[in-house]
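To start, the structure itself, in structure tokens.
The values are calculated or read from the model by the stated rules, or taken from the named source; none is laboratory data. All figures in this text were calculated on a predicted structure; none of them were measured in a lab. Note: ideal-geometry Cβ built from the backbone for every residue, glycine included; neighbour counts use all protein chains shown. These accessible areas exclude ligands, DNA and RNA; they are computed on the full protein's heavy atoms, side chains included. Shrake-Rupley method; radii C 1.70, N 1.55, O 1.52, S 1.80 Å.
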Amino acid sequence: MVHLTGEEKSAVTALWGKVNVEEVGGEALGRLLVVYPWTQRFFESFGDLSTADAVMKNANVKKHGKKVLASFSEGLKHLDDLKGTFAALSELHCDKLHVDPENFRLLGNVLVVVLAENLKNEFTPELQSAYQKVAPGVANALAHNYH
Amino acid sequence: MVLGAADRTAVRALWLKLGSNVGVYTTEALERTFQAFPSTKTYFLHLDLSPGSAQVRAHGQKVADALTLAVDHLDDLPSALSALRELHAHKLRVDPVKFQLLVHCLLVTLARHYPGDFSPSLQASLNKFLSHVISALAPNCH
């Protein structure tokens, strides 16, 4: 369970309202694949990932990034029950996709960097701190049903 | 992850651009680290960690100077950073995982100040460079 104060929860939600979920999702997934190239192992069917430019412009990356961030958005509405919210996705990532949960933590941190890039001065240390609790919460929830 | 020629060029170019402001960013990175990852404060019981603290700023400048030293010695980080390794690994005994947290917050800080310029490939090069710095500070590195 993620322990955020009432104030942190409001701040997280308020900030999320300003996020272009579609774009940020693609940006975060793209940067994950560029900065941590071994993560490309899960996306061999996505086409050209050979350069940073190719990755960031790849339509499949953008589409999948949007999907991933939409799930994250959903999680933000259920901070008191992330494990329940992500139970089915956890099973999917373990049983069908075989993704090492460490990758969820990496993506969480890349997302924080992208938020900083997009929100600049609004991404205060206090807000970063709140998101640094939310991101691992989501990552842990996704790892929870692994066996 | 090998620090290739393109990575070195990117890191050196970034450092030239940051100029004398490196300390400003490393200080902000430290402040963010203490805020987001409170366990890191356990290594700084001797410092005033309140917002705007001059002591944190001074430590930020030390970190900046060390990173600048690293940028100037990309061909031999372990040797250039040997005194700092001795200090952090053997005297201060900092869990190396903590350096990752500071690196993350430094990336966040630079992304915040340079949106648009902070491209994915720059982030990748910077991440590789900082990973090499962390390795050079680890106790088992010779």
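Just one of the numbered conditions (1) in contact with a Cys (Cβ under 7 Å, 6 or more places away or on another chain); (2) within 8 Å of chain A (Cβ to nearest Cβ) is not true of residue B:85: (2). Hey, could you check segment A:59-87 for residues that are in contact with a helix residue (DSSP H, G or I) (Cβ under 6 Å, 6 or more places away or on another chain) and assigned to a loop (DSSP other than H, G, I, E, B) and say which is nearest to residue A:143 (Cα to Cα)? Here the answer is A:86.
Restricting attention to segment B:18-30, and to residues there that are out of contact with any helix residue (DSSP H, G or I) (no Cβ under 6 Å at 6 or more places or on another chain) and open to solvent by 20 Å² or more (accessible area, probe 1.4 Å), which single residue is nearest to residue B:57 (Cα to Cα)?
B:24
Within segment A:5-56, track down each residue that is facing chain B (nearest Cβ under 9 Å) and either under 19 Å from residue A:99 (Cβ atoms) or not in a helix (DSSP H, G or I) (or both). Scanning segment A:5-56 gives A:30, A:31, A:33, A:34, A:35, A:36, A:37, A:51, A:55. Selection over segment A:98-147 of residues that are in a helix (DSSP H, G or I) and on the phi > 0 side of the Ramachandran plot gives a count of 1.
Filtered by the rule that a residue be closer than 26 Å to residue A:84 by Cβ, facing another protein chain (nearest Cβ under 7 Å) and of a type in the set (A, V, I, L, M, F, W, C), segment A:110-147 gives a lone residue, A:112.
Is it true that residue A:34 is touching a Pro at 6+ places or on another chain (Cβ under 8 Å) and either hydrophobic (A, V, I, L, M, F, W, C) or surrounded by fewer than 19 Cβ atoms within 10 Å (Cβ to Cβ) (or both)? The answer is yes for residue A:34. Does at least one position in segment A:84-101 carry a residue that is of a type in the set (Asp, Glu), under 26 Å from residue B:127 (Cβ atoms), in contact (Cβ under 8 Å) with a residue 12 or more places away in the chain and out of contact with any His (no Cβ under 6 Å at 6 or more places or on another chain)? Among the residues of segment A:84-101, not one is of a type in the set (Asp, Glu), under 26 Å from residue B:127 (Cβ atoms), in contact (Cβ under 8 Å) with a residue 12 or more places away in the chain and out of contact with any His (no Cβ under 6 Å at 6 or more places or on another chain), which makes the answer no.
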